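See below for the structure under consideration.
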Amino acid sequence: MQETAVETIALEGSVGFEPMSIIGLFLEADPIVKLVLMVLIVASFWSWTIIFEKVMRFRRLRSQAEKFEESFWSGGSLEELYDRIGKQADHPMAAIFAAAMAEWRRSLSRGLAATGKGLTVGLHQRITQAMQITLDREVDVLERYMNFLATVGSTAPFVGLFGTVWGIMDSFQAIAASKNSSLAVVAPGIAEALFATALGLVAAIPAVVAYNKLSTDLGRYEGRLENFSAEFSAILSRQLEEEGIVG
């Protein structure tokens, strides 16, 4: 009789204690915890999409910039290079060059650089402004969705922590309802809670690392564009002087 009672107690303590899979944890989670998990999964998926897109884009932009600079500094005619690129500039450096050349041609076609040093200075300022506007616009495009990575990196752990707290509260409610503090009663809620925490970190860590890396790459590329703009502005200024536009 004693042996039967012991076996009964052991079996009661093990009821419902089964190996838990990630899918099982999600399906059995409290609706609030399930919502938290879904938000973190979507945020993580979107973060990785942005990361891969940005990495591939920066790699492509560096390659395009190297090819363009090779053509630009080859000693060929800038007019011919502009005619070849035209309005089909497919990367920021080419777009900056095209904007400057378009303003150059527009001003010369109107005869604005025919006489006077003041007009020449005005032309140089307009060209510089056109390059700066184009540079700012291209950088804004490259910065798109970077704030999302920063937001995920800073908030995902706290979203996961919210799911953790809610899961633990759910576990205590289960204990109170069943009046049983066995591991079989507590384990599911604790597992859900820890799963939310882990998923928050899984979403946050890559986002933070990628944001720091991509911000560094963007800063270097922006510096490269600024250096090109300054060098090209100096070249156009010298060209104005060589053509005798300065009065």
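The values are calculated or read from the model by the stated rules, or taken from the named source; none is laboratory data. All figures in this text were calculated on a predicted structure; none of them were measured in a lab. A quick note on method: Cβ atoms are made from the backbone with ideal geometry, for glycine too, and the neighbour counts reach across all protein chains shown.
Only one entry in ALA89, ALA94 is without any contact (Cβ under 8 Å) to a residue 12 or more places away in the chain and surrounded by 18 or more Cβ atoms within 10 Å (Cβ to Cβ), namely ALA89. Using the structure shown, decide if ALA204 is closer than 20 Å to THR49 by Cβ, surrounded by 13 or more Cβ atoms within 10 Å (Cβ to Cβ), among the hydrophobic types (A, V, I, L, M, F, W, C) and at pLDDT 85 or above. For ALA204, the condition - closer than 20 Å to THR49 by Cβ, surrounded by 13 or more Cβ atoms within 10 Å (Cβ to Cβ), among the hydrophobic types (A, V, I, L, M, F, W, C) and at pLDDT 85 or above - is met. Scanning the stretch 46-57 for residues that are under 11 Å from the mean Cα position of the chain (by Cα) and of a type in the set (A, V, I, L, M, F, W, C) yields TRP46, TRP48, ILE50, ILE51, PHE52, VAL55.
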